[in-house]
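Some notes on the structure that comes next.
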Amino acid sequence: MSQDQRIEQFKNMAQADPENELGHLSLGKAYFEAGQYELATGSLARAVELNAKLSKAYQLLGAAFEKNGQRDQAIDTLTRGVTIADNQGDRMPRDAMMQQLSALGAEVPSISNAAPVETASPTSSESTPGFKCSRCGRPNGQLEKRPFKGVLGEKILANVCNGCWREWIPMGTKVINELGLTLASSEGQTAYDQYMIEFLLLENR
Ligand SMILES: [Zn+2]
């Protein structure tokens, strides 16, 4: 799929279901990747408005403001984002935003969660040691078995909690209906998997 087609597809999704943060996040990311930073800030700001806990959206929004020459907004967004990501144990976006802030010459907020989450709760649950949900950051509630066969299914078992997986299921149905995806075609399956990866924040796992 070309960049333009991706933008078109995400635009349709954001318009068809304007209260769904995933459409706006995906669209903002696609604009960002296409170098359309002003449009990216609009979509990402909407995603954050709909779900104030989306660490990844703050990170991208901060970067988009910076690229768009809006330094103050970038600092403001990243400062809020660091605290939100820290509270949720989302270490990767948190550390990236701290780096972005220091590169901008801004003050970096102090964080509470400096120790790795993994060592904090040695006896908390039956989850695999070191398990931390990629979407919500919880160290427990791991699925008991992979939700479907294949590499992506294994990745979900290793990285996603039961609650977040259950949130995805109705979202997945919406994605199929709104985009008219046919899972029988490899193109449809790829697009569907991509939404799932975005929703569950599995990209870097
Ligand atoms: Zn979760």
(request) Using a cut-off of 14 Å between beta-carbons, work out the net charge of the residues near Pro109 (Lys and Arg +1, Asp and Glu -1, Pro109 not included). (result) -2
(request) Whole Å is fine, so just give me how far the alpha carbon centre of the range 166-204 lies from that of the range 18-52. (result) 18
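Calculate, for Gln194 and Val108, the FRET efficiency according to 1/(1 + (r/R0)^6) with r their C-beta to C-beta distance and R0 35 Å; round to the nearest 0.05. It would help to have the intermediate numbers written out before the result.
On the way: r = 33 Å, r/R0 = 0.94.
Taking R0 as 35 Å, the efficiency between Gln194 and Val108 is 0.60.
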(request) Please arrange Asp17, Asp95 by accessible surface area, largest first, computed with a 1.4 Å probe and ligands excluded. (result) Asp95, Asp17
(request) Per DSSP H run of at least 4 residues, take -39500 (n - 2.57); add these up for the chain, divide by its residues and hand me the 222 nm value, nearest 500 deg cm²/dmol. (result) -20000 deg cm²/dmol
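Let me know the shape class of the range 8-66, please: from the alpha-carbon gyration tensor, a ≥ b ≥ c as square roots of the eigenvalues, rounded when a/c is under 1.5, otherwise prolate if a/b is greater than b/c, or oblate. Walk me through the intermediate numbers first.
Details: a/c = 2.17, a/b = 1.14, b/c = 1.90.
Note, shape of the range 8-66 comes out oblate.
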(message) Whole percent per 10 Å bin, from 0 to the bin with the longest distance: what is P(r) over all C-alpha pairs of the range 126-205?
(response) 19, 51, 24, 5
(request) Name the most mobile residue of Phe65, Phe148, Phe131, meaning the one with the largest mean-square fluctuation, in a Gaussian network model of the chain with Cα contacts below 10 Å. (result) Phe148
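Does the chain classify as rounded, prolate or oblate by the C-alpha gyration tensor (a ≥ b ≥ c root eigenvalues; a/c under 1.5 gives rounded; else a/b over b/c gives prolate, otherwise oblate)?
Numbers: a/c = 2.23, a/b = 1.03, b/c = 2.15.
Taking the square roots of the gyration eigenvalues as a ≥ b ≥ c, the chain is oblate.
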(request) Just tell me which lysines come within less than 23 Å, Cα to Cα, of Lys174; anything on the same chain fewer than 8 places away is out. (result) Lys11, Lys29, Lys53, Lys56, Lys149, Lys155
(request) Could you bin all the Cα-Cα distances of the range 1-117 into 5 Å bins starting at 0 and give me the percent of pairs in each, rounded to whole numbers? (result) 2, 14, 22, 21, 18, 12, 7, 3, 0
(message) Below 8 Å, C-alpha to C-alpha, sequence gap of six or more: please give me the relative contact order for the range 126-205 in percent.
(response) 28
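As a test of reading the structure, rank Lys53, Lys155 by solvent-accessible area (1.4 Å probe, protein chains only), most first. Write down the numbers at each step before the final one.
Numbers: Lys53 135, Lys155 65 Å².
The ranking, largest first, comes out as Lys53, Lys155.
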(request) Quick one: among Ser102, Ser55, Ser26, which has the greatest mean-square fluctuation in a GNM of the chain with alpha-carbon springs under 10 angstrom? (result) Ser102
(request) Would you look at the GNM of the chain, springs on alpha carbons closer than 10 Å, and say which of Gly137, Gly23, Gly150 moves the most? (result) Gly150
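Over the chain, average the accessible area per residue using a 1.4 Å probe and give it in Å², no decimals. Intermediate results must be reported in sequence, preceding the final value.
On the way: 10580 Å² over 205 residues.
Computed with neighbouring chains in place, this is 52 Å² per residue.
The values are calculated or read from the model by the stated rules, or taken from the named source; none is laboratory data. Owing to the predicted nature of the structure, the values given are computational and were not obtained by experimental measurement. All Cβ positions, even for glycine, are placed from backbone atoms using ideal geometry, and neighbour counts span all protein chains on display. The area values use the complete protein model at the heavy-atom level, side chains included, leaving out ligands, DNA and RNA. Shrake-Rupley method; radii C 1.70, N 1.55, O 1.52, S 1.80 Å.
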